[in-house]
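Q: Below you will find the structure I want to go over with you.
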Amino acid sequence: MKMKKILQLLLLMLLTLPLAAQHHNNDGHHSTEDMLVMPYRGQRIPAQSEAFCMSSLTVLPYGGKELTIDVFFNQGIDPRTFKSQNIVIDDKTIPVNSSITFNREGTQARIKISGNVHIPFSIIIRNVLSYNGQQMGDVKLEQIDDGDTWRYSEDKNQWKKY
């Protein structure tokens, strides 16, 4: 008898699930079905409609042992597309043992390169996708010096050193 009640309850729950996925909530607001959402590290975030781009790059002071570069994006990136083979410094891809870490939102990547890096250097970042699949245009910056910060100006469509 108790098992029958449990089965009835489960069946009732399964039948009412589609009702919970209506386009509008009872209070008149749109539900998440009205916008494109993508699963992202256990959270659901709305997909961005603006063009995906790298917004800034900062080189932390270099002590000769490890070069640290912080790269910022206007949207969360797909970390599977931001790897050592996508980052070129002075016409060479960075070493495979370089460390690449991301912030929780995926809008910042920190690159740590061990060993000797010639300062100033040039960098190319290529073939990077946002988490919703937008392709970023390749970025090439030259004459990057110790402690530099570079920012992209969308209205001027150019990189500027600060």
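The values are calculated or read from the model by the stated rules, or taken from the named source; none is laboratory data. Note that this is a predicted model, so its numbers are computed, not measured. Neighbour counts run over all protein chains shown; Cβ positions are idealised from the backbone, glycine included. Surface accessibility is based on the protein's heavy atoms, side chains included, excluding ligands, DNA and RNA. Shrake-Rupley method; radii C 1.70, N 1.55, O 1.52, S 1.80 Å.
Okay, residues lined up against (1) aromatic (Phe, Trp, Tyr); (2) in contact with a Ser or Thr (Cβ under 8 Å, 6 or more places away or on another chain):
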residue: ASP70; (1), (2): no, yes
residue: PHE73; (1), (2): yes, yes
residue: ASP78; (1), (2): no, yes
residue: PHE82; (1), (2): yes, no
residue: ILE89; (1), (2): no, yes
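Q: A further question on this structure: Can you work out which of the residues in segment 123-157 that are polar (S, T, N, Q) and under 22 Å from the mean Cα position of the chain (by Cα) is nearest to SER55 (Cα to Cα)?
A: First, the residues of segment 123-157 that are polar (S, T, N, Q): 127, 130, 132, 134-135, 143, 149, 153, 157.
If we keep only those that are under 22 Å from the mean Cα position of the chain (by Cα) as well, we get 127, 130, 132, 134-135, 149, 153, 157.
On the way: ASN127: 16, SER130: 13, ASN132: 17, GLN134: 15, GLN135: 14, THR149: 11, SER153: 8, ASN157: 11 Å.
Result: SER153.
Q: List every residue pair whose Cβ atoms sit under 8 Å apart, with the two residues 6 or more apart in sequence or on different chains, where the first one lies in segment 135-162 and is part of a strand (DSSP E or B) and buried (at least 16 other Cβ atoms within 10 Å of the Cβ) and the second, anywhere, is at pLDDT below 95 and among the polar types (S, T, N, Q).
A: TYR152/GLN158; TRP159/SER153
Q: All but one of (1) exposed (fewer than 13 other Cβ atoms within 10 Å of the Cβ); (2) in a strand (DSSP E or B); (3) among the hydrophobic types (A, V, I, L, M, F, W, C) hold for VAL96; state the number of the condition that does not hold.
A: (2)
Q: What's the number of the only condition in (1) part of a strand (DSSP E or B); (2) farther than 16 Å from GLY64 by Cα that GLY106 fails to meet?
A: Failed condition: (1).
Q: To continue, here is another question. Within segment 48-66, work out how many residues are outside any loop (DSSP other than H, G, I, E, B) and crowded, with 20+ Cβ neighbours inside 10 Å. Lay out the reasoning, then the answer.
A: So the first thing to find is which residues in segment 48-66 are outside any loop (DSSP other than H, G, I, E, B), and the list is 54-59, 66.
If we keep only those that are crowded, with 20+ Cβ neighbours inside 10 Å too, we end up with 54, 57, 59.
Adding up the residues that qualify gives 3.
Q: Moving on to the next point. Just to be sure I understand the filter: pairs with C-beta atoms under 9 Å, separated by 6 or more residues or on different chains, first member in segment 111-127 and more than 10 Å from LYS65 (Cβ to Cβ), second member open to solvent by less than 40 Å² (accessible area, probe 1.4 Å) and among the acidic types (Asp, Glu). Which pairs pass?
A: Close Cβ pairs (under 9 Å, with a partner that is open to solvent by less than 40 Å² (accessible area, probe 1.4 Å) and among the acidic types (Asp, Glu)) amount to ILE111/ASP70; PRO120/ASP148.
Q: Residue by residue through segment 113-134, note down the ones that are at pLDDT 95 or above and open to solvent by 70 Å² or more (accessible area, probe 1.4 Å).
A: Matches in segment 113-134: ARG126, ASN127.
Q: Anything in segment 67-84 that is more than 18 Å from ILE123 (Cβ to Cβ) and open to solvent by 20 Å² or more (accessible area, probe 1.4 Å)? List them, or say none.
A: Answer for segment 67-84, where residues must be more than 18 Å from ILE123 (Cβ to Cβ) and open to solvent by 20 Å² or more (accessible area, probe 1.4 Å): ASN74, PRO79, ARG80.
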